[in-house]
Amino acid sequence: MHGHDNAAWLGRGGPDQAQSASFRRRATANGPPGSPEPRSSFSLVLADIFDDNRWLMRPSERAAIKGILAELVPELAIEIGTAAGGSLRRIAAQSQHVHAFDMVAPAPELALLPNVTFHIGDSHELLPRVLGELSKQGVNVDFVLVDGDHSAKGVRRDTEDLLSSPAVARTLILLHDTANPDVRAGLNAINCAEWPKLTWVDLDWLPGYVSREDSTLGQAWAGLGLMVADAKAGPLAGPAQIAAYAYPITELLGGSLAARRERDHDRRELQMLRTRVEELEQLQARMVSSKSWRLTGPLRALKGASGK
Ligand SMILES: C[S@@+](CC[C@H](N)C(=O)[O-])C[C@H]1O[C@@H](n2cnc3c(N)ncnc32)[C@H](O)[C@@H]1O
């Protein structure tokens, strides 16, 4: 996740953290004192969405992915970009088998997932190979999450490799970080008309956001895009169009975003300067009231009178 690193949704004190804390309070508030904490399915489901910081996604996106998986119950799924396994755990829980791709080897407890085949290395090399194998076997990939290489070239390549494969015939593809300009540029460059099996493309299926955090101030991240391939149905209404019904919000905001970012930046600078002035005033007050300052008062007065 370029630009938005782990701090983005792991450590960042954004809505994720605040909601998580408030949910924990509610989840622990319903048993008599001293009894073990009751874990209703209500609290378990919400904890799964709000309390697991291994996801590198917002709670709304987690909920959307869990909802899609619950409806689809894929036989075969692919995930590109595993990281700490937040999304992979949920995909594996609902799918018979998952092929997971990441440059980095999975954490030991993640590697124990019995129905996941891990492919460690560059997805641009490994994915076409695996898709080739699956096509040879005549199997269909039911679900894909694309959340690996976030460069324009990289995300385009992963997506086009998927779309070009006969194994992606009746497939629901989710693409993360569609609000990010690099990811968006890569996806916008895909000519959907080349794949008549595409029946639905919506890059703002779940819109992203523009960060107010210091480390990512003004950057657009998150957002879930959706592509549906259905080789049996054929295109529903001509070749699928990317974001045909709506203007992408983060692109629209362009100029006003830049101005806002500057205002936010100025406000923070001003706040820092005010704090510094307060600190210096306190220091000065302490100095002036100190014994040594009072003792050296006559010396300073003499110096002033002699003009030196
Ligand atoms: C945003 S994280 C994935 C987060 C995960 N889907 C989740 O929400 O829990 C992106 C991951 O993609 C991996 N990645 C980046 N470029 C890649 C590439 N070319 N091939 C394979 N993995 C890649 C990174 O190592 C990183 O772990």
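The values are calculated or read from the model by the stated rules, or taken from the named source; none is laboratory data. Note that this is a predicted model, so its numbers are computed, not measured. Every residue, glycine among them, receives a Cβ derived from its backbone with ideal geometry; neighbour counts consider all protein chains shown.
Values computed for the structure shown
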quantity: Residue within segment 67-76 that is within 14 Å of the ligand (Cβ to nearest atom), among the acidic types (D, E) and surrounded by fewer than 21 Cβ atoms within 10 Å (Cβ to Cβ) present; calculated: no
quantity: Cβ-Cβ under 7 Å pairs, at least 6 apart or on other chains, segment 76-92 side at negative phi, far side small (G, A, S) and within 6 Å of the ligand (Cβ to nearest atom); calculated: E79/S87; I80/S123; I80/G148
quantity: Meets criteria (within 10 Å of the ligand (Cβ to nearest atom) and crowded, with 18+ Cβ neighbours inside 10 Å) for A92; calculated: no
quantity: Leading residue by the ranking (farthest from D122 (Cα to Cα)) among those in segment 96-106 that are within 11 Å of the ligand (Cβ to nearest atom) and surrounded by fewer than 22 Cβ atoms within 10 Å (Cβ to Cβ); calculated: P106
quantity: K232 being away from the ligand (no atom under 16 Å from the Cβ) and in a loop (DSSP other than H, G, I, E, B); calculated: yes
quantity: Residue list for segment 119-161, filter: of a type in the set (A, V, I, L, M, F, W, C) and either surrounded by fewer than 16 Cβ atoms within 10 Å (Cβ to Cβ) or outside the structural domain of W221 (by TED's automatic domain parsing) (or both); calculated: I120, V139
quantity: Of residues in segment 162-179 being part of a loop (DSSP other than H, G, I, E, B) and under 22 Å from the mean Cα position of the chain (by Cα), the one surrounded by the fewest Cβ atoms within 10 Å (Cβ to Cβ); calculated: A179
quantity: Hits in segment 216-267 - residues which are hydroxyl-bearing (S, T, Y) and modelled with pLDDT of 75 or more; calculated: T216
quantity: Boolean, R58 is within 16 Å of the ligand (Cβ to nearest atom) and modelled with pLDDT under 85; calculated: no
quantity: Residues located in segment 133-157, provided they are within 20 Å of L72 (Cβ to Cβ), outside any loop (DSSP other than H, G, I, E, B) and within 16 Å of the ligand (Cβ to nearest atom); calculated: F143, V144, L145, V146
